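Asks: Here it is, the structure, as structure tokens.
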Amino acid sequence: MELRVDRLTKQYGSKIAVDRMDFTMKAGVYGLLGANGAGKTTLMRMICDILRPTSGEVFYDGRPISEQGDAYRMVLGYLPQQFGYYKNNTPVQYLDYLAALKNMPKQTAKEKIEQLLELVGLSDVHGGFKGAGKECCRGKDGGTFRTGGSV
């Protein structure tokens, strides 16, 4: 697995939000830090193929992401600081929603969700695949709930 950002630039009128970013990432976990307005969100939106760059390109395993469509989106794991979710959803309901967005078959989603909840230590709060009461996420801090969103 290799993600290569090649001279990526995004400009809005005379404002340059991202200026010729150039880097390569191999398999692993990465963080993106910077001041407000530094272009972090713009960069991530281009890497996720949500926003087209003014110039430059993003490659996944040597191929432009713009040519890969759903196959590329299936390998992405992106969790912004603020992400939309229904506060009354259980972790299972939220993960099931994310699986549906990726067109994952229901049975595959069910198995993957059970594995992921176990992996991140949330299997005790979901009450089986059918889900627990809506109170299961109350009292969990934002980081704990975001753990579910990131998988």
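Asks: Under the classification rounded if a/c is under 1.5, otherwise prolate if a/b is larger than b/c and oblate if not, where does segment 1-44 fall, given a ≥ b ≥ c as square roots of the Cα gyration tensor eigenvalues?
Replies: Note, shape of segment 1-44 comes out oblate.
Asks: Based on the mean of other Cβ atoms within 10 Å per residue, sort peptides 70-76, 42-48 so the most packed one is first.
Replies: So the order, starting with the most tightly packed, is 42-48, 70-76.
Asks: Using only the Cα atoms of segment 1-104, construct the convex hull and provide its projected area averaged over every direction, in square nanometres to one decimal.
Replies: Across all orientations, segment 1-104 yields a mean hull projection of 7.8 nm².
Asks: Return the subset of Lys40/Lys102; Lys10/Lys106; Lys40/Lys110; Lys87/Lys112 for which the Cα-Cα distance in this structure is over 31 Å, preserving the input order.
Replies: Checking Cα-Cα distances, Lys10/Lys106; Lys40/Lys110 exceed 31 Å.
Every number here is computed from the coordinates shown, using simple stated rules; none is lab data. Just so it is clear, the model here is predicted, and its values are computed rather than measured. All Cβ positions, glycine included, derive from the backbone under ideal geometry; neighbour counts span all protein chains shown.
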